[in-house]
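The values are calculated or read from the model by the stated rules, or taken from the named source; none is laboratory data. All values derive from a computational prediction rather than experimental measurement. As a convention, Cβ positions derive from the backbone with ideal geometry for all residues, glycine included, and neighbour counts pool all protein chains shown. The area values use the complete protein model at the heavy-atom level, side chains included, leaving out ligands, DNA and RNA. Shrake-Rupley method; radii C 1.70, N 1.55, O 1.52, S 1.80 Å.
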Amino acid sequence: MYNPKSLKATEFIDDAEIRASLAWADEHKDDQAMIRSVLDKAKLHKGLSHREASLLLIADDPKINEEIFALAREIKQAYYGNRIVFFAPLYLSNYCINGCVYCPYHLKNKHIPRKKLTQAEIAREVKALEDMGHKRLAIESGEDPKNNPIEYILESIKTIYDTKSKNGSIRRVNVNIAATTVENYKKLKDAGIGTYILFQETYHKASYEKLHPTGPKSNYDYHTEAMDRAMEGGIDDVGLGVLFGLELYRYEFCGLLMHAEHLEAVHGVGPHTISFPRVKHADDIDPSKFDNGITDDTFIKIIAVARVAVPYTGMIISTRESKEVRERALEVGISQISGASKTSVGGYADPEPEEESSAQFDVSDQRPLNEVLDWLLRLGYIPSFCTACYREGRTGDRFMSLCKNNQILNCCHPNALMTLKEYLMDYASPVTRLIGEDVIKREVEKIPNEKIRAFCKDKLERIEKGERDFRI
Ligand code: SAM
């Protein structure tokens, strides 16, 4: 029985409710009056239910689509402005005891080199990332209690925070490790992590069980209930995602929104982020073997409808996607991207020889960080390395209330400009620096609050003189 407040996976992600929602959307997909009323509700910028969003997702009149895209842009601008936050993944270990059929780290893959970084190797990787300009990492690891126990993850987080290179520092470590216990989530919280990210992969229970035939991850309920345990452990920023291509996208999309509704209903705060990964080619993995691949157009539509349905949630696209797809995704609501990523265990400090590749999947956007940043600036975005929120305690519902009250612009916009200034001073190419300085000059004048504007100008001058602020 569907119950968003239940703590049981099969009740808050109720298969019958998803099917009924999709059937309802099918029934009304040509019902102009119904679509119009959903669009009118969306225009209030307060979000949509999973049913309403499922209707917009299937409505395929080009005019309606244009309206949805325009609204997604408008909402993104209202809550997030034109800032785009950067991060990079750092793979710690690809030892894994699971059997996920889409992932090359699965236990039966005997030819992929297995690697696990030592603390000294992590420090080298972190220095290389800092020397590029990164301030925010997402650590990734396979699930293997013997090789990658929680103590290893905690030690690695400490190493990352303790490693500094020149003016560089990692100021926020997000964590993408397998579902675990409340006790372990408490330990992660105490280690000072940012967001805990866990992709559901698929919300469809029967498919989930087929796609995860062996290992601890095969337990659908345990995996699906992980975010509740994370929140019980005190982590209030959690990141959702499904791996598009595994199941029918409409089913996944509806499940994803129901999961967001569940978190809001039970914990009073929705997901901090939603990621949008698609299955990609990898060692031992041929994405065409998965029947539910989606076109770029469908992918962009999913992102746009998500932006309209969950206006306050950060939305992430990784380098799995090409420059072209990322450009389109940014236009319809993405607020965070990775740049210059390696999906291998090690590879930032020294490139990994091809024959020894430990990569999790192929990366489409392989541009260096400065090039990605330059591209964003030319597209009119403000690249941001800001991590202040989490240090200032603006997480969970405190962050959401800032966002819901449109205060992000007064708060995040100046911080974004300051971190951009730091990047330009420390890492940018001369041309990028020129473009960036111009953008900062223009954007600082747009800060509405006079006091904040003056504060920001003063801070920018101090950064120019060499001061760095680890709190932003
Ligand atoms: N082992 C952890 C877990 O099970 O959640 C960490 C996650 S893994 C390092 C990061 C994510 O990469 C997975 O959740 C999955 O969605 C995604 N992934 C795995 N194989 C992929 C592939 N072939 N193409 C694209 N993404 C993939």
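Highest mean first, how do 247-254, 213-220, 291-298 rank when packing is the count of other Cβ atoms within 10 Å averaged over residues?
Order by mean packing, descending: 247-254, 213-220, 291-298.
In Å², what does the accessible area per residue of region 77-366 work out to with a 1.4 Å probe?
For region 77-366, the solvent-accessible area averages 34 Å² per residue.
May I ask which of LYS115/LYS217; LYS166/LYS459; LYS164/LYS187; LYS323/LYS446 have a Cα-Cα span longer than 27 Å here?
LYS323/LYS446
Take the alpha-carbon centre of region 267-317, take the same for region 193-222, and report the distance between them in whole Å.
16 Å
What order do you get for 132-138, 157-163 when each peptide is scored by the mean count of other beta carbon atoms within 10 Å, highest first? Provide the component values of the computation, followed by the final result.
On the way: 132-138: 23.7, 157-163: 18.3.
Highest to lowest by the protection proxy: 132-138, 157-163.
Would you give the gap between the C-alpha center of region 109-167 and the C-alpha center of region 12-81, rounded to a whole Å?
Cα centroid of region 109-167 versus Cα centroid of region 12-81: 40 Å apart.
Output the peptides 345-352, 198-205 sorted from most to least packed, where packing is the average of other Cβ atoms within 10 Å over each peptide's residues.
198-205, 345-352
Taking Cα atoms of region 77-366, Rg/Rh with Kirkwood Rh, to two decimals?
0.93
Can you compute the modelled spin-label distance between GLU232 and LYS446, with each label point 7 Å from Cα toward Cβ, in nm?
Simple spin-label model gives 4.4 nm for this pair.
Would you work out what percent of the accessible area of region 402-464, with all protein chains in place, is carbon or sulfur (probe 1.4 Å)?
Details: 1660 of 3070 Å².
For region 402-464, the apolar C and S fraction of the accessible surface comes to 54 percent.
Rounded to the nearest 500 deg cm²/dmol, what is the calculated helix-only ellipticity per residue at 222 nm for the chain, with -39500 (n - 2.57) per DSSP H run of length n ≥ 4?
One gets -14500 deg cm²/dmol as the mean residue ellipticity at 222 nm.
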